[in-house]
Amino acid sequence: MSTPHRLGILLSGRGSNFLAIADSVAAGRIPNAEIAVVISNKADAPGLAAARERGLTAIAIEANGRKRAEHDAAIIAALKEHHVGLICLAGYMRLLSPGFIQAFPQRILNIHPSLLPAFPGLDAQHQAFDYGVKIAGCTVHFVDEQLDHGIIILQRTVPVHETDDSHTLSARILAEEHIAYADAIARVLSGNYVIEGRRYVRKQ
Ligand code: GRF
């Protein structure tokens, strides 16, 4: 088998998507991959503690008043030091600078809890619920320089029930996020796709 693909995870919070990715790596649902490093911009992120409990390399790189580009440069250096080939944003609550995106072209993924291009930005599940949509879901996409805008790799949908509130809907979406992210990572790592304009197209 070839050298494992090295994933870098960036998170800021609870890290349930990170844990789903780690479980999928361990179970072989993301073949030939390993988590090289978990980085958080928040030292007290529960996701960072969870990574340490699993014996993974987990580091906090806080902004500490630095400008975005300077903070990002420190994160880029850590990712390179750990030979990361694919970066997965998993609840990373900071915008990436253009320099960051250019350092890893088409190698940064994000998961967003809505069916983009609907409801970009914060609290997407609540935006969708308040809007009254009947179908909601999540999107895994490449990161580009605009917020929640890059090429879509895959989406998963959920129904919105009459009895839902935004919390029950969020939980239903989150369960799909955990499936979608691992699936998308495996697809990207396989290299079995082409990009046509804005379209991600799987090769047979
Ligand atoms: C998820 O809803 C994800 O879609 C969004 O941020 C949230 C992170 O949750 N980008 P978790 O930290 O992975 O549990």
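When only Cα pairs under 8 Å and 6 or more residues apart are kept, what is the percent relative contact order across the range 1-105?
In percent, rounded to a whole number, it is 36.
Between Gly13, Gly65, Gly91, where does the largest GNM mean-square fluctuation fall for the chain, given springs only between Cα atoms within less than 10 Å?
Gly65
Starting from the amide H of Tyr200, placed 1.01 Å from N in the peptide plane, find each other amide H under 5 Å away whose residue is 5 or more places distant or on another chain.
The list, which skips near neighbours in sequence, is Ile152.
Looking at the chain, how many pairs of lysines come closer than 30 Å at the Cα, when each pair is eight or more places apart or spans two chains?
Final tally of qualifying lysine pairs is 4.
Whole-Hz ³J(HN,Hα) for each residue in the range 178-190, computed from phi via Karplus 6.51 cos²θ - 1.76 cosθ + 1.60 with θ = phi - 60°, x for glycine and proline: what do you get?
5, 6, 4, 5, 4, 4, 5, 4, 4, 5, 5, 5, 5
Quick one: with all protein chains in place, what share of the accessible area of the chain is carbon or sulfur, to the nearest percent (1.4 Å probe)?
53 percent
Starting from the Cα-Cα distance between Ala26 and Ser190, subtract it from 0.36 nm times their residue separation and give me the gain in nm to one decimal.
57.3 nm
List the residues whose amide H sits under 5 Å from the amide H of Ala33, counting only those 5 or more places along or on another chain, with H placed 1.01 Å from N in the peptide plane.
His5
Which peptide among 162-169, 120-127 comes first, and what is the full order, when sorted by highest mean count of other Cβ atoms within 10 Å?
Descending mean neighbour count gives 120-127, 162-169.
In percent, how large is the relative contact order of the range 110-204, given Cα pairs closer than 8 Å and 6 or more residues apart?
26 percent
To the nearest 20 debye, what charge dipole does the range 110-204 have about its Cα centre, counting +1 at the Cβ of each Lys and Arg and -1 at the Cβ of each Asp and Glu?
Value, rounded to 20: 540 debye.
How big is the charge dipole of the chain about its Cα centre, in debye rounded to the nearest 20, if each Lys and Arg gets +1 on its Cβ and each Asp and Glu gets -1 on its Cβ?
The calculated dipole for the chain is roughly 580 debye.
Using the basic label-point model (7 angstrom from Cα toward the beta carbon), what is the Ala77 to Leu147 distance in nanometres?
If labels sit at Ala77 and Leu147, their model points lie 2.9 nm apart.
How large is ³J(HN,Hα) for each residue in the range 34-40, as worked out from phi by the Karplus curve 6.51 cos²θ - 1.76 cosθ + 1.60 (θ = phi - 60°), to whole Hz, x for Gly and Pro?
In residue order, the calculated couplings are 9, 8, 7, 7, 10, 10, 10 Hz.
Distance from the Cα centre of the range 108-125 to that of the range 1-43, in angstrom?
If you average the Cα positions of each part, the centres end up 20 Å apart.
Build a GNM of the chain with springs between Cα atoms under 10 Å: which of His141, His161, His83 gets the top mean-square fluctuation?
Highest fluctuation among the options: His161.
The values are calculated or read from the model by the stated rules, or taken from the named source; none is laboratory data. Worth saying up front: this structure is predicted, and the values here are computed from it rather than measured. Cβ atoms come from the backbone with ideal geometry, glycine included; neighbour counts cover every protein chain shown. These accessible areas exclude ligands, DNA and RNA; they are computed on the full protein's heavy atoms, side chains included. Shrake-Rupley method; radii C 1.70, N 1.55, O 1.52, S 1.80 Å.
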